[in-house]
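To keep things clear, I will list the structure first and then write my remarks on it.
The values are calculated or read from the model by the stated rules, or taken from the named source; none is laboratory data. Predicted model, so just to flag it, every value in this text is computed and none were measured. Calculation scope for accessible area: heavy atoms of the full protein, side chains included, ligands and nucleic acids excluded. Shrake-Rupley method; radii C 1.70, N 1.55, O 1.52, S 1.80 Å.
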Amino acid sequence: MKDVAGLLEAACLLVPEEIATEDDVTVHDVWEYLVRDEWDVALGLLEELGGLRPQPPALWETLAGVAEQLRLERSAAWCRWRCSETRNGVIRADLTLRPATEGRRRTPLSGAGVLRPMWDIGHRAPTGEPALVIARLWVEYPHSLEPGGQATVRLAPLDPARWRRLRPGQVIALHEDRSVAGTAVVREVRPSGVASG
């Protein structure tokens, strides 16, 4: 393993000392876990602290590298996702999937940013039909979404410029084919570099 402790120490230096979680965890607590070689705990705390204020992409890239070395695949994917949000902005929405009895989907929707569904966000084709756009999807909690279930999700548009007119409160539709697979109410839209939780 390439100096995991050194990478975590470098990441600690990127997090402002004055920020704290709701539980009053600070970067000083992370240093205590590093001294005890509890790298996975330190990584988790740095991920949490990193979400409290805008952080440079370098923080998320470093944390992703650490998570990969520790073989924490979901954590690595999350850090890469956050790096992308730092560069491209944040879109969060409350998504409700159609029940299995009403929709095509019969299995849970994967929530780790792999799925790239189409979305109706209000654009129209010259024929008047919806012009669907693509965005990767991350389910915040739980880590997957059952048909008929609801969860807060994050979206990473394939073409962020096409999503610029999106506003909180707007209702958008998820498509996996021509039919609507679910609807989402946009919670927040923030440009790159703005803190997210």
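With the cut-off at 1.5 for a/c, could you classify region 5-57 from its C-alpha gyration tensor as rounded, prolate or oblate? It is oblate, given that a/c is not under 1.5 and a/b is not larger than b/c. Rg over Rh for region 1-126 works out to 1.09, using Cα positions for both radii and the Kirkwood form for Rh.
By accessible area, using a 1.4 Å probe on protein heavy atoms only, the chain has 52% of its surface on carbon and sulfur. Taken over region 57-197, the alpha-carbon convex hull comes to 104 cubic angstrom per residue.
Sequence gap at least 6, Cα distance under 8 Å: using those rules, report the relative contact order of region 1-140 to the nearest whole percent. This gives 17 percent for region 1-140.
Note on region 141-197: semi-axes of the ellipsoid equivalent to its C-alpha gyration tensor, largest first and rounded to whole Å, are 21, 16, 11. Hey, what angle do you get for helix 4-14 against the long axis of the chain, alpha-carbon based, 0 to 90 degrees rounded to 10? Approximately 80 degrees, to the nearest ten.
Three principal axis extents describe the C-alpha atoms of region 39-105; from largest down they are 44, 26, 16 Å. A viscosity of 1.002 mPa s and a temperature of 20 °C, combined with the Kirkwood radius over C-alpha pairs in the Stokes-Einstein formula, give region 70-146 a diffusion coefficient of 148 µm²/s. The residues of region 125-197 have, on average, 54 Å² of accessible surface per residue, using a 1.4 Å probe with all protein chains present. Accessible surface for Arg80 stands near 120 Å², nearest 10, in the context of the full protein assembly shown (1.4 Å probe). Spatially, region 62-91 and region 94-135 are offset by 24 Å when compared through their Cα centroids.
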